[in-house]
Ligand SMILES: [Zn+2]
């Protein structure tokens, strides 16, 4: 028996029963950089120091989550219907 559980409602999904998989990737988007010849000649020591200061006190996991996170969920049929209707619920505030 390889029963799964819906990650949204907790209902058991029996083997052979219709099941949906949700894969979510969240990653930092960077626009293409325009690098000029002057940029290449400039000393970037200060920029690098500022970047390192921003990273101070953050764990490796926190730094990774700032760049890339992925999730995978199993959904039952009812939750799949609800999910595709509103995949991005509005913030509570
Ligand atoms: Zn469900």
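Summary of computed values
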item: Using distinct alpha-carbon pairs, which all enter the 1/r mean, Kirkwood radius of the chain in Å; result: 17.7 Å
item: Potential extension, residue 35-residue 50 segment - 0.36 nm per residue separation minus Cα distance; result: 3.4 nm
item: The chain, relative contact order [Cα under 8 Å, separation at least 6], %; result: 47 percent
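Coordinate-derived values only; no laboratory data. Not measured: the values here are computed from a predicted model.
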